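Reviewing the structure listed below.
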Amino acid sequence: MKTKYISIITLLFLTLSLSAQVDRSVQPKPGPSPKINLGKPETFELKNGLKVLVVENHKLPRVSASLTIDNNPILEGDKAGVSNLTGSLIGSGTKNISKDAFNEEVDYLGARLSFSSQGARLNSLSKYFPRILELMADGSQNPVFAQEDFDKEVNILLDGIKLGEKSVGTVANRVQSALAYGKNHPYGEFVSKETVESIKLADVQNFYHTYFKPNNAYLVIVGDVNFKEVKKLVKKHFSNWEKGELPAYSIPVVNNITKTEIDFIDMPNAVQSDVTVLSTVDFKMTDNDYHAVLLANQIFGGDFNSYLNMNLREAHGYTYGARSGIRTDKNTAALFSAGAQVRNAVTDSTVIQTMLELTRIRTAKVTAEELEIVKATYVGSFVRNIEKPETVARYALNIQTNNLSEDFYKTYLAKINAVTIEDIQRVAQKYFSADNARIIITGKALDVLPNLEKLPYTINYFDKGANATEKPEMTKPIPAGVTKQTVIDGYLNAIGGAEKIKALESTLVTYEASAMGSTILTTEKRTNAKYLNETSMGGNVMMKVIMTNAGVFMNKQALPEAMAKEMTYALGTFSEIGILANESSKLSAIEAIDGKDSYVISTKGEIVTTSIYFDVETGLKVKEVQTINMGGRTQNQEATFSNYKEFNGFKFPGTKTGNLGPQTVEFKLIDAKINEGVSDSDFE
């Protein structure tokens, strides 16, 4: 797995543009605001309540369409996940055509057609649009909810939940919503193993028949079509869709806390902390402050050059990116949030700097230049977007679903340009809370709590389910007589015998995984002084890493000498042999991994830091975490090990779970060889 941990090198390219005719020391004066000639879709409505918007555009022979069911937020309660399953089953064939035939026809016609629990989307060549629209209508109105398909989708959803339990980002997002809105709110509830396992096929069928209704739906069609022909097609395929009464539901009132606090979720496996400051706020597109809030957020944390990103990323190097956002909501409280994922060591500093920038946008007036730049960004984006026919339809749909005035988009740029410096400060004070916000931190208590406790905020503790809990146990004493030597010897004895392993000449292991529709193979070859890891996808070698005492080479490119020096300690037929001999490695703690105690052996360098976890009871290695810190940037990688299998008298992890880019992938052991299959030529 080492090879996945060292993709840290970034190539920088500098492009120079010369012009003797332009004085670049003088900022250009803005020209007049462009006139907005926003087209208007042609519309009609079926007797069942389906509202149809059509935008003709004959530049390209393509058509797109979206079916949007404008339901209010739905509380799923102890059946949370039923909407996910409903969406995944709609479109899996219909009462008129099998799933395979349905999918094959869509593919054959070169179209894209997808469904969700709240609608559908299609893209098609205009000559095939009538048939694809017919398939959309059929899939939407005549789904076949088969038990076999349901069982398959349940397993997929459960697998995703299981993987998400170890993801700091997944847990952070879940708990943030639950704390901000409450778990009895549609935005605060979340899908869990328990709720999914309680869902039956009948629940999916009931959800569909209750909420998938035309009288609350909009069909938007854009592209190379004729309005009269579209009207005939829609009437033909959608008129039999039966309308129904939607259930009434009173959304709970949402209130902020009275005083800013830290809410902490312990993730013992975390190599980074998620730091998010959030608060709920009454904010709708119909508000007079709408345009000023957009600009204020852009300046504070909405783009790369924002206060927040310039501080956390550029000035301090805490993170790859920091952002803020505020979303409108016509039904309930909206959410303002700001934050980043940062390395554990700077978690408390990130809180301090985030709150400083939040105070700055609220108390110090922005400059005229800052405001003009962000206005220009919005004007440019708006002007580019209105050239797209789908934008016309989307804006028209927004007017319908958000109760906007008919001239909302015609006056958009004028309202953007009318925002003043005073407006920015006023709306920041009103909508960006600093006094009654939640600072929600998801991270490793052992690493970050001691410094967080020095900050002037009360700390409350929550588990992964957003339930209040006690302060996590920070560490356990290491028993007398337990040392790095005894832990590693215990591991080597558990997998085949310490003395036998130390006498080995070579090992060769091969793992296989499936991801992104391809088969991935990783082959690892080791001797006492050489290491190779080759990763291939679909039969093509994607990455090859060779490590010897002479250095570390990735795809024949040498890694920096300082980095390589801190990685070659792991040479050996088993990496733990090298760790045992490394003087900088030490037994540092006992920590819980999935509820079971593990010894932690850490190796800390200036660039590379590694922590390896060995189960106290079995002696087996269960996890490895590596952090690479270079040039003010940090990359973290984690792997877990389980299901040990025996090959030739030695045990190897049968399953390795690690990261491949943003995706978590399970690698299965398919072969292991001892003292065979490895030669010196492999490492050339």
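Derivation of every value follows stated rules applied to the coordinates shown; laboratory data play no part. Keep in mind that what you see is a predicted model, and the values were worked out from it rather than measured. With ideal geometry, Cβ positions are generated from the backbone for all residues, glycine too; neighbour counts draw on all protein chains shown.
Report, in listed order, any pair from Lys444/Lys565; Lys99/Lys235; Lys544/Lys656; Lys586/Lys645; Lys166/Lys200 with a Cα-Cα distance greater than 23 Å.
Numbers: Lys444/Lys565 28 Å; Lys99/Lys235 25 Å; Lys544/Lys656 19 Å; Lys586/Lys645 28 Å; Lys166/Lys200 27 Å.
Going by Cα-Cα distance, Lys444/Lys565; Lys99/Lys235; Lys586/Lys645; Lys166/Lys200 fall outside the 23 Å limit.
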Options Ala120, Gly317, Gly578, ranked by Cα towards positive dipole end of the chain, top entry (Cβ charges): Ala120
Footprinting exposure proxy for Val342, Val82 (fewest neighbouring C-beta atoms within 10 Å first): Val82, Val342
Segment 261-462 - share of DSSP beta bridges that are antiparallel (%, nearest 5): 65 percent
Calculated P(r) over Cα pairs in 20 Å bins from 0, in percent (choose from [x] 15, 40, 37, 8, 0; [y] 15, 38, 26, 12, 7, 2, 0; [z] 16, 36, 31, 15, 2), label: [x]
Alpha-carbon Debye profile of segment 476-683, log10 I(q)/I(0) at 0.08, 0.11, 0.12 Å⁻¹: -0.27, -0.52, -0.63
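At a 10 Å Cβ-Cβ cut-off, how would you order Lys232, Lys502, Lys444, fewest neighbours first?
Details: Lys232 12, Lys502 15, Lys444 21.
Ascending number of Cβ neighbours within 10 Å: Lys232, Lys502, Lys444.
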Overall form of segment 514-615 per C-alpha gyration tensor (a/c, 1.5; a/b vs b/c): oblate
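222 nm [θ] for the chain, helices only, -39500 (n - 2.57) per DSSP H run of 4+, per residue, to 500? If you can, show how the numbers build up before the last one.
Working: 19 runs with 202 residues, N = 684.
Counting only the DSSP helices, I get -9000 deg cm²/dmol.
Which order results if Val204, Val281 are arranged by neighbouring Cβ count within 10 Å, fewest first?
Fewest-to-most Cβ neighbours within 10 Å comes out as Val281, Val204.
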Cut-off 14 Å between beta-carbons: net charge of the residues surrounding Met136, Lys and Arg +1, Asp and Glu -1: +1
